[in-house]
1. Of the residues B:Leu112, B:Leu58, which is surrounded by fewer than 21 Cβ atoms within 10 Å (Cβ to Cβ) and free of Cβ contacts under 8 Å to residues at least 24 places away in the same chain?
2. Just to be sure before I move on: is B:Thr57 over 30 Å from A:Leu29 (Cα atoms) and out of contact with any helix residue (DSSP H, G or I) (no Cβ under 8 Å at 6 or more places or on another chain) in the structure I sent?
3. In the stretch A:70-145, which helices (runs of 4 or more DSSP H) lie fully inside it and hold 2 or more residues that are among the basic types (Lys, Arg)?
4. Among the residues of the stretch A:40-54, write down those that are surrounded by 16 or more Cβ atoms within 10 Å (Cβ to Cβ) and within 14 Å of B:Ser114 (Cα to Cα).
5. Could you give me the residue pairs with C-beta distances under 9 Å whose first residue belongs to the stretch B:1-29 and is without any contact (Cβ under 8 Å) to a residue 24 or more places away in the chain, whose second residue is hydroxyl-bearing (Ser, Thr, Tyr) and in a helix (DSSP H, G or I) wherever it lies, and which are 6+ apart or on separate chains?
6. Against the condition closer than 30 Å to B:Val265 by Cβ, touching a residue at least 24 places away in the same chain (Cβ under 8 Å) and in the same structural domain as A:Tyr266 (by TED's automatic domain parsing), how does A:Leu103 come out, does it pass?
7. Among A:Ala212, A:Ala206, which is more than 30 Å from A:Ala172 (Cα to Cα), part of a helix (DSSP H, G or I) and away from chain B (no Cβ under 11 Å)?
Amino acid sequence: MAQSGLPVLKGEPKRRALWDETGLAVMCLTPCILVLGFVIVYPLARGIYLSLLHYKLTDPTGPTLAYLGNYAAILTDSIFWEALQNTAIFSAASVALGFLAGLLLAVLLDRDLPGIRVLRGLSLVPWIVPYIVVAFLFLYMFNFDVGVINFLLRVLGLATENIAWLSSPRSAMIAVITANVWNQTPFYILMFLAGLQTIPVELKEAASIDGASPLQVFWHITVPHLQNIMVIATILMLIRNFNNFPLIWVMTQGGPINSTTTLVIYIFRLAFSEFNFGYAAAVGVLWLVLLMVITAWYVRQFEREMAL
Amino acid sequence: MTRSRRRRVLGRIVLYAVVLLAMLPLLFPVYWLVSSSFKSNLSAYATPPEWWPSPSTLENYANLATGYTDFAMYVRNTLITCVATALLAMAIASLAGYAVSRLRFPGKRPLLLSILATQMFPHVLILISLYGMFRQLHLMNTHLGLIFSFTTFAVPFSVWMMKGFFDGIPHEIEEAALIDGCTRLGALRRVVLPLVSPGLLAVSLFSFLDGWNNLLYPLTLATSVEVRTIPPGLLLSFLGQFKHDWAGMMAASVVVTVPVIIIFVLLQRFLVRGLTAGAIKG
């Protein structure tokens, strides 16, 4: 073992060394593969199997094979299409707003000002706050009677009377997205600040001396430099928002009348309110396929960065 | 003071004001959370709002400590399951991360990529299967069941992070130990592991945090109050029996957030690396 670990130094035949390392690798990887097999791979395979069944816990007859029946039913399920649309709105709006706010704040916080490190640290707090706390805080702030947001809107003259944020369909989505953007903006700040700090100061200085305006410096030096980070941050957060459960569940449970029901919320309700496991699994598998396409894209970006 | 210097100072003050103004939407809710937790429930309802809690009270915190909800039990369950998850993930990921970072074996690339891909799986789909499996295996309403469910995030994430930490250790250090007669595992234990100990700390803290924040799994897999963790516990208390106790809700929220902030301060150095799983170089 000790010698075969050094194939290059000892000049052993490459093949034997490879298989010796394989033995050790199998040993090291076994616990990992066992656990992931139990909690991810097998459940996933079982989920695909469930998606082919008529399987409702409340049915007295028990599971029967449905083949692709559940999938056919999805096509005409209006709530599914509504949930898909809500997922897209929730994720796209959250990412777009968080991205812009994060970029603006990162550029501001990149300046060399006294106490800026403290401000940078404080700007991360909303990201650290647990989802349940974000949801509680915004439930309170968006409350109809006692919420500080309605109060501020009235004082600033932006609303003449209190808005029932969480009990009307359109505004509920706005409330949930607001809470989410507040929570996620620091992530973009963090990513963009890290990127900004790798831009050589000389580069910006040279551009300024050559007569470039701050806006030109931003467009022609800062943005290209941040491009990779921007792509990765966007994809990462899209996927995260696609799968966001706790924030929406605590704030609205997907209501009122499905207006904030994203696919994850819909699947959860199908499975654990209606106990319609077969159909829930089918929606889940379809969702997984959609996610895989996006994931494949993510992995490609990631590979390019890492040169794996 | 010369004219240009004065202008510069003025410019900086203006810039400073702009920065603070831009930060206000991020920071005000944090202030509101903390200040409301020190209000009596009556003043939490006040319109116009009480901008500064007066009189301030510790009543809401005292209520949490004296069992007005089952808060202490939720904290205990969360600590048990999250610490166990963190230790398990750390042990598994240090071995697996070592293998994928250092050893050559067939199928490594697909293995790595599939571990990465598992991080994007919709956990709600996995949950549907886990629910049925756990009922058959009598893992419902057990700490062990929750620990397993938490590893769906903790293990893949930790393996990738540990790979990054192992990649950062120069091969020469290990080779020197091998020449001195260590076996590979001996070198791992005596030389490499101590060098990646910051990484071990980081992955265990991240795993801990995920469990601390996780609502989906415990809401479904731990329905009895004896094993209920903090997020579902707070959800069921404050949207149920104690609905509209806003001040109490904010106090509980502060208590849940403080440990997380402490952990993040400890984690600062690894924050970017962990969040992006190596997406940023240097």
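1. Values: B:Leu112 fails: free of Cβ contacts under 8 Å to residues at least 24 places away in the same chain.
Just one listed residue meets the conditions, B:Leu58.
2. On the way: over 30 Å from A:Leu29 (Cα atoms): yes; out of contact with any helix residue (DSSP H, G or I) (no Cβ under 8 Å at 6 or more places or on another chain): yes.
Answer is yes for this residue.
3. Qualifying helices (runs of 4 or more DSSP H): A:116-123.
4. Of everything in the stretch A:40-54, those that are surrounded by 16 or more Cβ atoms within 10 Å (Cβ to Cβ) and within 14 Å of B:Ser114 (Cα to Cα) turn out to be A:Ile40, A:Leu44.
5. Going by the 9 Å Cβ cut-off, the qualifying pairs are B:Met23/A:Ser123; B:Pro25/A:Thr185; B:Leu26/A:Ser123; B:Leu26/A:Thr185; B:Leu27/A:Ser123.
6. The answer is yes for A:Leu103.
7. Answer to the check: A:Ala206.
A quick yes/no check of all residues on (1) small (Gly, Ala, Ser); (2) assigned by TED's automatic domain parsing to the domain that holds A:Trp127; (3) touching a Phe, Trp or Tyr at 6+ places or on another chain (Cβ under 8 Å):
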{"position": "A:Tyr140", "(1), (2), (3)": "no, yes, yes"}
{"position": "A:Val155", "(1), (2), (3)": "no, yes, no"}
{"position": "A:Leu158", "(1), (2), (3)": "no, yes, no"}
{"position": "A:Asn162", "(1), (2), (3)": "no, yes, yes"}
{"position": "A:Pro169", "(1), (2), (3)": "no, yes, no"}
{"position": "A:Ala172", "(1), (2), (3)": "yes, yes, yes"}
{"position": "A:Thr178", "(1), (2), (3)": "no, yes, yes"}
{"position": "A:Ile189", "(1), (2), (3)": "no, yes, no"}
{"position": "A:Phe192", "(1), (2), (3)": "no, yes, no"}
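The values are calculated or read from the model by the stated rules, or taken from the named source; none is laboratory data. Keep in mind it's a predicted model, so treat the numbers as computed, not measured. So basically every Cβ, Gly included, is an ideal-geometry build from the backbone, and we count neighbours across all protein chains shown.
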